[in-house]
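Encoded as structure tokens, the structure appears first; notes follow it.
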Amino acid sequence: MGQDITNLTALEHGLKYHISLGKAQNSGLFLDMRNGREWVKQHSENKRVLNLFSYTCAFSVAALAGNASKVVNIDMSKSSLTKGRENHRLNHQDLNKVIFEGVDIFKSYGRLKKHGPYQLLISDPPSFQKGSVDIERDYKKIIRRLPDLMSDNGDVLLCLNSPDLNIEFLLAEVARECPDCEFQYQFNAPAVFKEAHEGKGLKCLYFIYKPQV
């Protein structure tokens, strides 16, 4: 009988990520977000990047690989941020360009703002976490703060994982809470993640923040 394999390293677009099997529901890398990470890598050069709900900092690894000037990882889970630090080290990235903040996003906008303004913001929240996040209720709280966080003409990537909320929900939240964010396009999950029911899977929408004079 062979040994149980619990820790692996995934290779994606030339970058490495730690994978943990059998310990928790999530392995440390959301595979359906592969196209999103590649997009971030291609759009990060010389940008200050804010990674909200950063989990194990995969987006930030991609951003630094794309020559971001600074990445700021925000997550309540300090253990996830520790794994994120390990992912940066795994790719031999300069940790002087990385900030880790183990805080509640909804109670720490001052901490977020002090590292900005940002030229790229990524928000990939959980749909629901008891006592902390209900994204149907809370996404608007993030969106209405965008003017305080973003540089003019900054890139905003908003992700939505809930099968019960569609693209129209997110577009309506942005239109109401931050109309200066102009929708550009949606990009899809990798083809292998074919949806059994259209609109129930991952949604990633790209906006540009263009405040009116």
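Read-outs throughout are calculated quantities, based only on the coordinates presented, and are distinct from any laboratory measurement. Being a predicted model, the structure only gives us computed values, none of them experimental. Neighbour counts are summed over all protein chains in view; Cβ atoms, including those assigned to glycine, are modelled from backbone coordinates with ideal geometry.
In the frame of its principal axes, the range 37-169 has Cα extents of 38, 34, 28 Å, reported largest first. Taking θ as phi - 60° and the Karplus parameters 6.51, -1.76 and 1.60, the scalar couplings of the range 165-170 work out to 10, 9, 4, 4, 4, 5 Hz in sequence order, x denoting glycine and proline. The phi-based Karplus calculation (6.51 cos²θ - 1.76 cosθ + 1.60; θ = phi - 60°) puts the 3J(HN,Hα) values of the range 143-150 at 4, 5, 8, 4, x, 7, 10, 9 Hz, whole numbers, x for Gly and Pro. Straight Cα distances below 13 angstrom link LYS114 to the aspartates and glutamates GLU101, ASP148, with same-chain residues fewer than 8 positions distant left out. Think of the range 107-167 as having a plus end and a minus end, set by charges on the Cβ of Lys, Arg, Asp and Glu; of LEU160, VAL133, LEU121, VAL133 sits farthest toward the positive end of this dipole. Rounded to the nearest whole Hz, the Karplus-based 3J(HN,Hα) values (6.51 cos²θ - 1.76 cosθ + 1.60, θ = phi - 60°) of the range 76-92 follow the sequence 5, 7, 5, 5, 5, 5, 4, 5, x, 4, 5, 5, 4, 5, 4, 9, 6, with x at glycine and proline.
Quick check on packing: order 151-159, 45-53, 59-67, 85-93 by the mean number of other C-beta atoms within 10 Å, highest mean leading. Provide the component values of the computation, followed by the final result.
On the way: 151-159: 19.3, 45-53: 21.9, 59-67: 25.2, 85-93: 15.2.
The most tightly packed comes first, giving 59-67, 45-53, 151-159, 85-93.
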